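Report on the structure given below.
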Amino acid sequence: MQKAFADLSTPLMADACVRTGVPLRVAPPGIGAVVQGHRVAGRALPVRHYGSVDVFLEAYGGAEEGDVLVIDNGGRSDEACVGDLAVLEAAAAGVAGLAVWGLHRDTPELAEIGLPVFSYGSHPAGPVRLDDREPEALVTARFGPHLVSGRDFVFGDADGVLFVAAEHVEEVLAAAYRIRDTEREQARRIRAGESLRSQTAFEDYLVLREADPAYTFRRHLRRTGGAIEE
């Protein structure tokens, strides 16, 4: 999956979801890589955090090479739920990266380890609580409004993180490649002096919209074969 995603981006994947009618499941704004430039793609390994790292260690026991640990810490801003030792152990277990709905700590150490970690940011204090564990602790993880399971794939880069169900991932990847190729060709033509307005017959669009206010630019782009939104 890392190889398939290597020449794509989360914006392309998001547009591909919309284009194919696959549910668009994007992590909340603000989730980003601890180390600039880090990317991740792989099957989700969900886990819910209750104040102790034991649940992570248990999850690692079921990890497969290339999995992405998806940590549900409720988006909390009062504690870091993962640090250097948990990330080192993740790497040793074959995990390809971590996506944290919450905060991390030990930032210099995480940078040195080099395993991609995505979170809201850093916080020096770890948890001082210990909550009751739910039966779904190793089955699903909440990430913003989304419920993530082992039947999902995770994609992360400089623009954020998104989730795609396994049964749709090949379709979405294929659509993302098609959108990428169209956008690259449009960019090449702009640099060569052909404006995007010309490429998309924008003057024609304005005339058509005047005659039919329901005629949208997205509809026009599908008619002309362009790709700039969706």
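Annotations
- Electrostatic dipole magnitude of the chain [Cβ: Lys, Arg +1; Asp, Glu -1; Cα centre; debye, to 20]: 900 debye
- The residues packed around Gly51, meaning those with a beta-carbon under 9 Å from its beta-carbon, carry a net charge of -1 if Lys and Arg are +1 and Asp and Glu are -1.
- A dipole drawn for the chain from +1 and -1 charges on Cβ atoms has a positive end, and of Val172, Ala90, Leu208 the residue lying farthest that way is Leu208.
- Extension gain for the segment Val35 to Phe202, taken as residue separation times 0.36 nm less the Cα-Cα distance, is 56.1 nm to one decimal.
- Spin-label model, Ala165/Leu24: points 7 Å from Cα along the beta carbon direction are separated by 1.8 nm.
- Charged neighbours of Asp84, selected by a Cβ distance under 10 Å, balance to -3 (K, R count +1; D, E count -1).
- Percentage relative contact order, the chain, counting C-alpha pairs under 8 Å, at least six apart: 27 percent
- On full extension, the segment bounded by Glu136 and Glu58 gains 26.8 nm, given 0.36 nm per residue less the C-alpha separation.
- Look at (1) 14.5; (2) 19.7; (3) 10.5: the one that is mean projected area of the Cα convex hull in nm² derived from this structure is (1).
- Gain in span if fully extended, Arg219 to Ser9, counting 0.36 nm per residue against the direct Cα distance: 73.2 nm
No value in this document is a laboratory result; all are computed from the given coordinates. What you are looking at is a predicted structure, and each value in this text was computed from that prediction instead of being measured. Backbone-built Cβ (ideal geometry, glycine too); neighbour counts: all protein chains shown.
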